[in-house]
Amino acid sequence: MNQTSNRFRLVVSQSKTEVQCIGKDRPQLKIFLGDEELKQVNDFVYLGETVSSDQSYDTLVQAVVLYNAETWTMKEEHKRKLRVFEM
């Protein structure tokens, strides 16, 4: 990812980038950005919701699905799909 970003003159910030392993078994990850190893975290905030490495991240899924929903033109089919998703 770092090499591809560099081709377009984009820089991935090592100080702002973290890694997380979600699941029952959470091995220590060794992921590098260039020559620097990225920090592994147990929790972080994304779209206003905390994502935990112990799989207790149900609220994140809803936040991602509804991201920018206030700009959607809602049709009956969309409403139905959202109701199904919510269940």
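Readers should treat all values here as calculations from the given coordinates under stated rules, not as data from a laboratory. Quick caveat, the model's predicted, so the values are computed rather than measured. Counting neighbours? That spans all protein chains shown, and the Cβs are built from the backbone with ideal geometry, glycine included.
Listed by chain and number, the aspartates and glutamates placed with their C-alpha closer than 17 angstrom to that of Lys24 are Asp43, Asp54, Asp58; residues fewer than eight positions away on the same chain are left out.
Taking a temperature of 10 °C and a viscosity of 1.306 mPa s, what whole-number D in µm²/s does Stokes-Einstein yield for region 1-41 with Rh from Kirkwood over alpha carbon pairs? Estimated diffusion coefficient is 139 µm²/s. Adding -39500 (n - 2.57) for every DSSP H run of four residues or longer, then dividing by how many residues the chain holds, sets the calculated 222 nm ellipticity at -8000 deg cm²/dmol. Full extension of the chain between Glu37 and Gln62 gives 5.9 nm of extra length, using 0.36 nm per residue less the Cα-Cα distance. The angle separating the long axis of helix 76-86 from the principal Cα axis of greatest extent in the chain is about 60 degrees. Computed over the chain, relative contact order equals 19 percent, with contacts defined as Cα pairs under 8 Å that lie 6+ residues apart. The label-point distance for Lys16 and Thr71, in a model that sets each label 7 Å from Cα toward Cβ, rounds to 1.9 nm. Could you tell me what percent of the DSSP beta bridges with both partners in the chain are antiparallel, to the nearest 5? Just about 75 percent of them are antiparallel.
Here the Gaussian network model covers the chain, with springs between Cα atoms less than 10 Å apart; of Thr17, Thr73, Thr50, Thr73 fluctuates the most. Projecting the Cα atoms of Gln40, His78, Ile22 onto the charge dipole of the chain (Cβ charges, centred on the Cα centre) puts His78 farthest toward the positive pole. Viscosity 0.890 mPa s, temperature 25 °C: give me the Stokes-Einstein translational D for the chain in µm²/s, with Rh taken as the Kirkwood radius over C-alpha pairs. The calculation lands on 154 µm²/s. With the simple model of a label 7 Å out from the Cα in the direction of the Cβ, Phe8 to Leu82 spans 3.0 nm.
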